[in-house]
Amino acid sequence: GCNNVFYFETRKHTDLYLWISRAPSGPSVKFQVQNLHTMDELKMTGNCLKGSRPILSFDANFETEPHLQLLKEILTQTFGVPKGARKSKPFFDHVFTFSIVDGRIWFRNYQIAEKDAETGGDLNKNDKPTLIEIGPRFVLNTIRIFEGSFGGPTLYENPNFVSPNVIRANLRKSRAVKHVDRINSVKEKELRTAENPLPTDPLNDVFN
């Protein structure tokens, strides 16, 4: 049977989170999903057959730190389709890429095209297949890795993660400070005008 759990959690209709867990004993990881673009939204030209197996491609940064090595193993077990799995095709025709950029995991999905992009004909023996993006695209910002399934002792916590609630609160404070500054600026201008009135022009009443 399958022991990998893929669970999406939404909060406040704006924040999307992804849990990936190995049931029932763990480990599990919680991500914030950012910059999500669906296949329908992107309208890419790439395509792949339903049930075909993906090749998983990880950049070299996944080998640089222990928590990234653990994330690579979790993602491999979750996205990888073993040969002979039920309802799967025995061949590969697309690639899932996972790249570490700015401390986040960037996901892309590409078709392996073995046809000439211009003519549509078969490639020559010496020609290499090309990759055509299919979609979707998204970025995973790691929040925490747990020893158990959906909980338990913390194996890793991202020190750079900032909750969306904190970001929104800081934005509201920034706007409030700007609003107060504008009000104070208007009051100061009015006070300066009252303290330093313009002198009366003696020629104002000449033609009255």
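For segment 9-108, trypsin sites (Lys or Arg not before Pro) are listed when DSSP marks them as loop and at most 10 other Cβ atoms sit within 10 Å of their Cβ; the list is LYS12, LYS43, LYS50, LYS83, ARG86, LYS87. Taking all protein chains as they are arranged and a probe of 1.4 Å, the heavy atoms of TYR7 leave approximately 110 Å² accessible to solvent.
Divide by every residue of the chain the summed helix terms, -39500 (n - 2.57) for each DSSP H run of at least 4, and state the resulting mean residue ellipticity at 222 nm, rounded to the nearest 500 deg cm²/dmol. Walk me through the numbers before you get to the answer.
Working: 3 runs with 50 residues, N = 208.
Rounded to the nearest 500, it is -8000 deg cm²/dmol.
Taking only the Cα atoms of segment 1-92, the ratio Rg/Rh comes out at 0.98, with Rh defined as the Kirkwood radius.
Divide the volume of the convex hull around the Cα atoms of the chain by the residue count and you get 290 Å³ per residue.
How would MET44, MET39 rank on accessible area, largest to smallest, probe 1.4 Å? List each step's numbers first, then the result.
On the way: MET44 65, MET39 100 Å².
Result, largest first: MET39, MET44.
Students sometimes get this wrong: rank SER57, SER52 by accessible area, probe 1.4 Å, all chains present, largest first.
Details: SER57 50, SER52 15 Å².
These residues rank, largest area first, as SER57, SER52.
The spacing between segment 17-84 and segment 160-181, judged by their C-alpha centroids, is 32 Å. Using the Cβ-Cβ distance between LYS128 and SER57 with R0 set to 25 Å, the FRET efficiency works out to roughly 0.95. Beta-bridge orientation, the chain: approximately 90 percent antiparallel, per DSSP, counting only bridges with both partners inside.
The values are calculated or read from the model by the stated rules, or taken from the named source; none is laboratory data. Computed from a predicted structure; not experimentally measured. Reconstructed Cβ throughout: ideal geometry from the backbone, glycine too, with neighbour counts over all protein chains shown. Just the protein is used for accessible areas: all its heavy atoms, side chains included, with ligands, DNA and RNA removed. Shrake-Rupley method; radii C 1.70, N 1.55, O 1.52, S 1.80 Å.
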